[in-house]
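First comes the structure, then the notes that go with it.
Each value in this text was obtained by applying a stated rule to the coordinates, not by laboratory testing. Being a predicted model, the structure only gives us computed values, none of them experimental. As a convention, Cβ positions derive from the backbone with ideal geometry for all residues, glycine included, and neighbour counts pool all protein chains shown.
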Amino acid sequence: MSEYLVDIQHERLSFFTPAGEVKALNDVSIHLNDGEVLGIVGESGSGKSVTAYSLMGLTAYPGKLVGGTIDFNGHRINDLSEKEFRKIRGNEVSIIFQDPMTSLNPVYTIGNQIMEVILLHTDKNKEQARARAKELLELVGINEPEKRLKQYPHELSGGMRQRVMIAIALACEPKLLIADEPTTALDVTIQAQILELMMELKEKLGMAIIMITHDLGVVASMCDRIAVMYAGRIVEYGTTDDIFYNPKHEYTKGLLKSIPRLDAKEHERLVPIEGTPIDLLNPPAGCPFAPRCSNCMKICLREMAPVTTFDDVHYTQCWMNQKEQMEREAAK
Amino acid sequence: MGKYILKRIALAFVTIWAVATITFFLMNLVPGGPFLSEKAISPAATKALEAKYGLDKPMAERYFTYISDAAHGDFGDSLKQRGRTVMDIIATKFPVSAKLGGMAVVLALCVGVPLGVLAAYKRGTFIDSLFSVIATCGIAVPGFVICTLLLYVFGVKLQWLPTLGLKSAQSYIMPVVALAAYPTSYIMRLMRSSMLDVLGQDYMRTAKAKGLSQKVSLFKHALRNAILPVITYVGPMLAYTLTGSFVTEKIFTIPGLGGEFIKAINGRDYTMIMGTTIFLATIMIVMNVIVDIVYKLVDPRIKLK
Amino acid sequence: MEKNPLSFQLKLNPDDFLPATDEEKEGLVVMRDSVSFWKDGFRRLRKNKVAMVCLFIIIIVMIFAFIVPAFYPYSYEQQIQGANNLAPMQYSAKEMEQIAAGEKVFPHFFGTDKMGRDYAIRVMMGSRISLLVGIIAAAIILVIGSIFGSIAAFAGGWVDLIMMRIVDIIYTIPDVLLIVLLSFALKAPLKVLAQAPGFGWISVVGENLISIFIVFALLYWVGMARMVRSQILMLKESEYVTAARALGASSARIIKKHLLTNCIGTLIVTTTLQIPSSIFTESFLSFLGLGVAVPMPSLGSLASDAINGLNTYPYLLFIPAAVISLIILSFNLLGDGLRDAFDPKLKN
């Protein structure tokens, strides 16, 4: 077993649809220590959510793990039965989803939905569970917790609902919290509040967080490490400083360039990344980003580059970088 | 909420009144009055009958008299069944139909709901396809075909079940099953699609992420949401069993209100036709209102509106 | 010595590191073609075997209902002496004599009824009536419902409010009761009207049938009206229209392109499903004796007449029953198939 809290090695995952095999994850490796915050950044379809869901066994039908190993908190996830999964879900690892409006069941009270997970994984009785639920609501900054316990989801605002989701996720003090685009559906000001809350709770409870988002602004403030994903692969990985101040992969550079700046002049155009993502039904043999890359070389179209490491954290998979590094080595 | 109830009840009253009015004027449209095709009666006798039934008074007066009488439950005497009032006949025959209809509704719910859930759960499998076929047949095949089919197979050929009347417990089986066929199929399909809809919702994913077992997810989280559209259907279903009874009672010779209504039509018993129409319409409309209100109570999303 | 660092370590061709041309890049990007709404829909419909079979069945039935009777040697009201209650494919004594004498006697595929009328032709005519009622009724409902619903949706304000309240009331009225009542009440007036010149066809078709159409026109369009109204309202506010406007499209173009394309799919499905519903109602009424006038047969009335002889002549009941069930089932399944094919939201 691995010494990491999360150790994913060369994961490959595909969706076997009527149209064919959609290769959603193509050799993804991630590791995370206790208490660390990892950000996974990428556009829609890059595989960031799929990676996180596979950790909890929440991969939607018809998805299947095709290769690699996933270790979490001493469990070999590949080998877990559904029954064993149920023991760790909501308990050792929790997840909060993107849309708080639809993630809560509209016909049951908030109290019921929080107590449900407490009663499931702990030995507490009903009163104790209720007390704990109230405690959790206070923890996540919801006022009048007594009143809220009896209310229904539609009576709360979006921001409050997301706080409730966080309360449910933290109820059993998990070692890992996965946050799948937790603030995308919320107002910017609420966004800031929720992120602040998550950092506070991380400090208090010492849990690790995997933050999935397409928003670079979110990862800048929160994460220790960042993985940039594209078309089912990690194209660059490093510390937050590495990624923001020293990006090595063209895609990462493109993402950073495309962020609209407050100090940009009025007539300055936004800089998108040209081209469209590839079809995952027929992924190319080479680098998936090749068609959109300004540095694309012939070899990029044929095969995937090996990993180029820059220090013990920062790495990328890119022929340009590989070439430059080999030239540097040769020059020594 | 209170406002909604009042609005709903008001609408119901207006509709009942509309039905009564339409019924009255339609019946009086028939030229020559109700005694036109009676075997030769002398003009004097006709006049006397007309006076007795108040048919010699002006239309407007007759209308108001009729409506106010009807509001008190007085629909006059039956024109064909001497010596009995319409209300009297309704009071004896309706409980029979109600009993059959009630049993059919219960059967439809008890069979339709679980089968619909099962079909959704086993989506895409053979069971799902099988249920889908059965349900489609149940909806498409007209009531009289189902009745006669059952009658022929179980009553005439196999002779397992009685075909006439309601004397024994077994004689209830075929009419109730025949009456329940359409609603059961409808509920099966409704429940299935509602369930599939619910199973695709985000909160079902949350339930799984919490570590809940499939059983708990299905019965606690999914069912409670999926059953709501079925509750809305109960109103129309009750209305259906009342009209379905016309055919069922005719074929199985059951002494219920449906059969009585058909008899009245074929025998041109005007007062009976009018009274039964208004009575049945009132029942249907009232049932719909009750179901609507119950639905609003059951769905917490609507509580506060 | 100048070593090429690349070829040494990774056994790579230095040419590999030349920049790739645009054509080489494009070769990798495989875009799936986008299809037009109609082509896509019809393609999916054709793939749906059940729906295609049903369409085929409907066409066959229509051929038998509308075309074959013109060439059939028997007519639906023709009573053949001595040929009462023949079983399917049976010949009467008289007919046997004729065959023996060398004459050709067209077989009675479905036998004859108690009045000696060939049953096959009666079933075919009955199908014709049922289909006609279904289609005409659906057409009436489509027209009235769409007009009413569109007006309400486009007008808005208190016009919409009043129109919708009327719809609410009509919706709550129990339809079957009213049909029965209307059929009954209009019988005599229509009989009178049928005497007037130019209205003779009323007695051929039957007063009851006219009443059925009148009731459909009065009551059944409300569901369609509501649907059309909600479609139009939805589209009025929708993003398609806003986007199209932002791109400078004129109102007429917007209506034509977006509203119609989105609406029409739903309209086709609803109308197709309305046909079996109307046939269902007509057969129900015919069964109760409130349908077409004798001797014109309807599948429902044929079934009703056959009940008394169920013991001895079961085929007299089951043939029309089977045919009507087949018609209704086929239309229902075809409607379901259309809905699956043309409702883009259900695409998986």
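Computed values, structure above
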| item | result |
| --- | --- |
| Per-selection Rg to Rh, the protein assembly as shown - Cα, Kirkwood hydrodynamic radius | 1.07 |
| Likely footprinting exposure, A:Tyr53, B:Tyr63, fewest C-beta neighbours within 10 Å first | B:Tyr63, A:Tyr53 |
| Options B:Thr85, C:Val167, B:Ser194, ranked by Cα towards positive dipole end of the protein assembly as shown, top entry (Cβ charges) | B:Thr85 |
| Most mobile of A:Ile194, A:Ile273, A:Ile95 in a GNM of chain A (Cα contacts under 10 Å) | A:Ile273 |
| Overall form of segment C:268-348 per C-alpha gyration tensor (a/c, 1.5; a/b vs b/c) | prolate |
| Crossing angle, helix A:110-121 versus chain A [Cα axis fit, 0-90 degrees, rounded to tens] | 80 degrees |
| Relative intensity, log₁₀ I(q)/I(0), of segment C:65-154 from a Debye sum that treats every alpha carbon as a point, q = 0.19, 0.20, 0.21 Å⁻¹ | -0.86, -0.91, -0.97 |
| Centre separation in Å (Cα based) which lies between segment A:79-139 and segment B:102-174 | 42 Å |
| Convex hull volume of segment B:102-188 per residue (C-alpha atoms, cubic angstrom) | 94 Å³ |
| Antiparallel content of DSSP bridges confined to the protein assembly as shown, in %, to 5 | 65 percent |
| Positive-end residue of A:Thr309, C:Ile179, B:Tyr270, charge dipole of the protein assembly as shown with Cβ unit charges | B:Tyr270 |
| Loop-located trypsin sites (Lys or Arg not before Pro) in segment C:70-120, at most 14 other Cβ atoms within 10 Å (DSSP) | C:Lys104, C:Lys114 |
| Straight-distance crosslink candidates among aspartates and glutamates, where the alpha carbon sits under 20 Å from B:Lys215 and sequence neighbours closer than 8 are dropped | A:Glu82, A:Glu84, A:Glu116, B:Asp128, B:Asp197, B:Asp202 |
| Signed unit charges on C-beta, dipole axis of segment A:68-226, positive-most listed residue A:Leu195, A:Thr122, A:Asn91 | A:Thr122 |
| Dipole magnitude of segment B:166-288 about its Cα centre (Cβ charges: Lys, Arg +1; Asp, Glu -1), debye to nearest 20 | 600 debye |
| Prolate/oblate/rounded call for segment A:255-332, Cα gyration tensor, a/c under 1.5 rounded | oblate |
| Whichever aspartates and glutamates have a C-alpha closer than 20 Å to that of C:Lys187, once near sequence neighbours (fewer than 8 apart) are set aside | B:Glu38, B:Asp269, C:Asp175, C:Glu207, C:Glu282 |
| Intensity falloff of chain A expressed as log10 I(q)/I(0), Debye formula with alpha-carbon point scatterers, at q = 0.07 Å⁻¹ | -0.32 |
| Antiparallel bridges, percent of DSSP beta bridges restricted to chain A (to nearest 5) | 60 percent |
| Normalised contact order of chain A, rounded percent, pairs of Cα under 8 Å and 6 or more residues apart | 20 percent |
| Helix B:86-121 axis, angle to chain B major axis (alpha carbon atoms, nearest 10°) | 20 degrees |
| For chain B, built as a Gaussian network whose Cα springs stay under 10 Å, the top-fluctuating residue of B:Asp202, B:Asp88, B:Asp69 | B:Asp202 |
| B:Cys110, A:Cys318 arranged by Cβ crowding within 10 Å, fewest neighbours leading | B:Cys110, A:Cys318 |
| Net charge dipole size for chain B [Lys, Arg +1 and Asp, Glu -1 on Cβ; Debye, nearest 20] | 1140 debye |
| GluC sites (Glu not before Pro) restricted to segment A:269-329 and DSSP loop, no more than 10 other C-beta within 10 Å | A:Glu274 |
| Peptide B:277-284 - average C-beta neighbours from other chains (10 Å radius) | 3 |
| When each of B:Lys7/B:Lys208; B:Lys263/B:Lys296; A:Lys126/A:Lys202; A:Lys204/B:Lys210; B:Lys220/C:Lys49 is checked by Cα-Cα distance, pairs over 31 Å | B:Lys7/B:Lys208; B:Lys263/B:Lys296; B:Lys220/C:Lys49 |
| Most mobile of A:Lys248, A:Lys87, A:Lys204 in a GNM of chain A (Cα contacts under 10 Å) | A:Lys204 |
| Percent of alpha-carbon pairs separated by more than 36 Å within chain B | 34 percent |
| With Cα atoms, 0 to 90° folded angle of helix A:158-170 axis to chain A main axis | 90 degrees |
| By average C-beta atoms within 10 angstrom, highest first, the peptides C:218-227, A:147-156 | C:218-227, A:147-156 |
| Set of aspartates and glutamates with alpha-carbon distance to C:Lys94 below 12 Å, sequence-local pairs under 8 removed | C:Glu103 |
